[in-house]
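What follows is a set of notes on a single structure, which appears directly below.
Values quoted throughout were computed directly from the atomic coordinates according to the rules given, and no laboratory measurement underlies them. Please read all numbers here as calculations on a predicted model, not as lab measurements. Positions of Cβ are backbone-derived with ideal geometry, glycine not excepted, and every protein chain shown enters the neighbour counts.
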Amino acid sequence: MNVGLVCYASVGGSGIVATELGKALATRGHQVHIISTDMPFRLGDFHEGLSFHQVLTPTYPLFREPQYLLSLANRIVQVSREVSLDIIHAHYAVPHATAGFLSRQVLASSGFGPVPKVVTTLHGTDITLVGNDPSYSEIVAFSIEQSDGVTAVSESLRASTQAELGVTRDIAVIPNFLDCAVHRRVVSPELRRRLAGDDDTKLVIHVSNFRPVKRVDAVVQIFDRIRKKVGARLLLVGDGPDLPTAHRIARELGISHLVRSVGAQEEVQPLLSVSDVFLLPSAQESFGLAALEAMACEVPVVASRVGGLPEVIEHGVSGFLHPIDALDDMAASAVDLLSNPERHRQVAQAACRRVREHFCADRVVPMYEEFYTAVLRT
Ligand code: GMT
């Protein structure tokens, strides 16, 4: 199949999933065309069958507003005319589903060869934070209804799309996935010693794009409760608007010396592999790809019970879930894990097993292939 994957190149789960899907589809013999403003950060080296098509949005003094939707739709039309796309797969509805719809209309009206089908994958904030904003909701709902096929990364997100946008069409649930050959625990004792300081100190980690939805203030507050019971350090991985907030709270709590941030990292497995617990007290999380990455590296996750996280983590078995404001309970679960090696081992093993049984690329990528095939038959 000839698949055009439309995604954001910035650090974020939807771009990562689209890029990993592109690599996996290319490995399975499909021709994949990534259409984005920049090379997605996990695209890496040359891959046979995978090409990148840049979207350029020229500026003009009259415009105060960047015309991204137009330049993206235009680029999809160009790519489809060049390579005859079978599928335009829009990752993140805003505004990619709309760009897919628009480009399909243009291709249909020009009578130039077969018209590609538009598949939209909903990722989370495109519905729960951005798409449901009254400034966007009508167009987002319309574009989802008009796609030839729609998937959501969790049952929870499917339900939110129906409830918050009034979408009535079928939405298939295809969960996020990892390349399980890459996402596995590989411990560097040297790295662990450098980050933890000594062999007895535990390492608590948080990986995100440091947006308000991630509640990094809660991460630091939970860590403060943990370190009062167990010798520990906090490692912050990623960058975003709330990173300074995390450092400010650490300063106010007098624990700056225990908190280290290493910025955005292309590869998180080495850092996850030397960590003992992952904190994810998000306000909303349609799936929680970062949690899945931690679990694959045998790191138990302590998270808030929101969105799709209960579909990823089984409370008390492969991690811990607590109500969003239950910071004491989240800290207690983390302390229990950090002070009880046998319990830690059991949860870590269960977490890794859960990823390998349900969320590896070789199980999930065929779901997308089957979905494309079904959509092409419509
Ligand atoms: O806001 C973010 O965290 C970024 C966003 C994205 O699309 O890049 O993440 C969403 O999509 C991820 C991939 O499907 C999911 O794993 C995240 O749970 C989801 N984030 C939220 O729902 C907050």
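Counting other C-beta atoms within 10 Å, which of Asp45, Asp148 has the fewest, and how do the rest follow?
Numbers: Asp45 4, Asp148 20.
Fewest-to-most Cβ neighbours within 10 Å comes out as Asp45, Asp148.
Give me the distance between the Cα centres of region 94-121 and region 333-378, rounded to whole Å.
Centre-to-centre (Cα) distance: 33 Å.
Apply the Karplus parameterisation 6.51 cos²θ - 1.76 cosθ + 1.60, with θ equal to phi minus 60°, to every residue of region 373-378 and state each ³J(HN,Hα) to the nearest whole Hz, in sequence, with x for glycine and proline.
4, 5, 5, 5, 7, 7
Just Leu69, Leu271, Leu157 to compare: in a GNM of the chain, with alpha carbon springs under 10 Å, which one fluctuates most?
Leu69
For region 238-337, what's the radius of gyration and Dmax over Cα atoms, in angstrom?
That works out to 13.7, 37 Å for Rg and Dmax.
How large is ³J(HN,Hα) for each residue in region 304-311, as worked out from phi by the Karplus curve 6.51 cos²θ - 1.76 cosθ + 1.60 (θ = phi - 60°), to whole Hz, x for Gly and Pro?
Karplus values, whole Hz, x for Gly and Pro: 8, 7, 9, x, x, 4, x, 7.
Any idea how far the Cα center of region 193-215 sits from the one of region 43-62, in Å?
A separation of 33 Å, based on Cα centres.
Would you calculate the convex hull of the Cα atoms in region 233-284 and tell me its volume per residue in Å³? Don't skip to the end; give the middle numbers.
Working: hull volume 5.4 nm³, N = 52.
That works out to 103 Å³ per residue.
Which percent, nearest 5, of DSSP beta bridges in region 189-358 are antiparallel?
Beta bridges within region 189-358, antiparallel portion: roughly 0 percent.
Taking the Cβ of Val150 as the centre, find all other residues whose Cβ is under 12 Å away and add up their charges (Lys, Arg: +1; Asp, Glu: -1).
Summing Lys and Arg as +1 and Asp and Glu as -1 gives -1.
Which cysteines in the chain lack any other cysteine whose Cβ sits under 4.7 Å from their own Cβ?
Cys7, Cys297, Cys352, each lacking another Cys Cβ under 4.7 Å.
Given a 10 angstrom Cα cut-off, can you work out which residue in Val302, Val83, Val277 is the most mobile in a GNM of the chain?
Val83
Lys and Arg at +1, Asp and Glu at -1: add these up for the other residues within a Cβ distance under 11 Å of Leu243 and post the number.
+1
Convert 25 °C to kelvin, take the viscosity as 0.890 mPa s, use the Kirkwood radius over C-alpha pairs of the chain as Rh, and evaluate the Stokes-Einstein diffusion coefficient in µm²/s, rounded to a whole number.
This corresponds to a translational diffusion coefficient of 114 µm²/s.
Sum up the charges of everything whose Cβ sits under 12 Å from the Cβ of Ala350, counting Lys and Arg as +1 and Asp and Glu as -1, but leave Ala350 out. Let's see the in-between values first.
On the way: positive: Arg343, Arg345, Arg353, Arg354, Arg356; negative: Glu298, Glu314, Glu357.
Taking every Cβ under 12 Å from that of Ala350, the sum is +2.
Using the basic label-point model (7 angstrom from Cα toward the beta carbon), what is the Glu369 to Gln265 distance in nanometres?
Result for the modelled spin labels: 3.3 nm.
Rounded to whole Hz and in sequence order, give me ³J(HN,Hα) for region 103-113 from the Karplus expression 6.51 cos²θ - 1.76 cosθ + 1.60, θ = phi - 60°, writing x for Gly and Pro.
5, 5, 4, 5, 5, 5, 6, 7, x, 8, x
In whole percent, what relative contact order does region 189-358 give with Cα contacts below 8 Å and a gap of six or more residues? List each step's numbers first, then the result.
Details: 312 pairs, mean separation 37.0, N = 170.
Answer for region 189-358 is 22 percent.
Return the long-range amide H neighbours of Lys117 (sequence gap of 5 or more, or a different chain), with a cut-off of under 5 Å between placed amide H atoms.
Long-range HN contacts for Lys117: Ile87, Ile88.
Compare Pro366, Pro58, Pro189 in a GNM of the chain, Cα atoms joined below 10 Å, and give the one with the largest fluctuation.
The residue with the greatest mean-square fluctuation here is Pro58.
Take Glu369, Glu20 and order them by how many other Cβ atoms sit within 10 Å, fewest up front. The partial results should precede the final answer.
Details: Glu369 15, Glu20 23.
Least crowded to most crowded, the residues run Glu369, Glu20.
For region 98-156, what's the relative contact order in percent, using C-alpha pairs closer than 8 Å and at least 6 residues apart?
Rounded, it is 44 percent for region 98-156.
If neighbour count is taken as other Cβ atoms inside 10 Å, put Leu85, Leu234 in order from fewest to most. Don't jump to the answer; show the numbers that get you there.
Numbers: Leu85 28, Leu234 24.
Starting with the residue having the fewest Cβ neighbours, the order is Leu234, Leu85.
Please report how many Lys pairs in the chain have alpha carbons closer than 26 angstrom, counting only residues at least 8 apart along the chain or sitting on separate chains. Write out the running numbers ahead of the final one.
Working: Lys23/Lys117; Lys202/Lys214; Lys202/Lys228; Lys202/Lys229; Lys214/Lys228; Lys214/Lys229.
For the chain, the number of qualifying lysine pairs is 6.
List every residue whose amide H lies under 5 Å from the amide H of Ile34, counting only residues 5 or more places away in sequence or on a different chain, with H placed 1.01 Å from N in the peptide plane.
The list, which skips near neighbours in sequence, is Leu5, Ser51, Phe52, His53.
Amide H of Ile324 versus every other amide H placed in the peptide plane: which residues, excluding those fewer than 5 positions away on the same chain, fall under 5 Å?
Amide H neighbours of Ile324, under 5 Å, 5+ apart: Arg305.
Under a point spin-label approximation (7 Å from Cα along Cα-to-Cβ), what is the Arg194-Arg345 distance to one decimal in nm?
2.9 nm
Given an 8 Å cut-off on Cα distances and at least 6 residues of separation, report the relative contact order of the chain as a percent.
With pairs under 8 Å counted, the relative contact order is 13 percent.
Report the Stokes-Einstein translational diffusion coefficient (µm² s⁻¹, integer) for region 189-358, Rh taken as the Kirkwood radius over Cα pairs, at 25 °C with viscosity 0.890 mPa s.
159 µm²/s
With just the Cα atoms of region 31-71, tell me how far they stretch along each of the three principal axes, in Å, largest first.
Principal-axis extents of the Cα atoms in region 31-71, largest first: 42, 18, 11 Å.
Name the residue farthest towards the positive end of the dipole of region 189-358 from the options Thr245, Ala348, Ile255, assuming +1 on Cβ of Lys and Arg, -1 on Cβ of Asp and Glu, about the Cα centre.
The residue sitting most towards the positive pole is Ile255.
At a Förster distance of 35 Å, what's the computed FRET efficiency of Asp170 paired with Arg225, Cβ-Cβ distance as r, to 0.05? Mind dumping the intermediate values first?
Working: r = 44 Å, r/R0 = 1.27.
With R0 = 35 Å, the Cβ-Cβ based efficiency is 0.20.
Just check region 100-154 against the gyration tensor rule for me: Cα atoms, a ≥ b ≥ c as the square roots of the eigenvalues, rounded for a/c under 1.5, and otherwise prolate or oblate depending on whether a/b exceeds b/c.
oblate
Let's see if you can work this out: charge +1 on each Lys and Arg Cβ, -1 on each Asp and Glu Cβ, no other charges. What is the dipole magnitude of region 141-250 about its Cα centre, in debye to the nearest 20?
In total the dipole reaches around 720 debye.
Cα extents of region 122-230 along the three principal axes, largest first, in whole Å?
If we take the Cα atoms of region 122-230, the spans are 56, 34, 19 Å.
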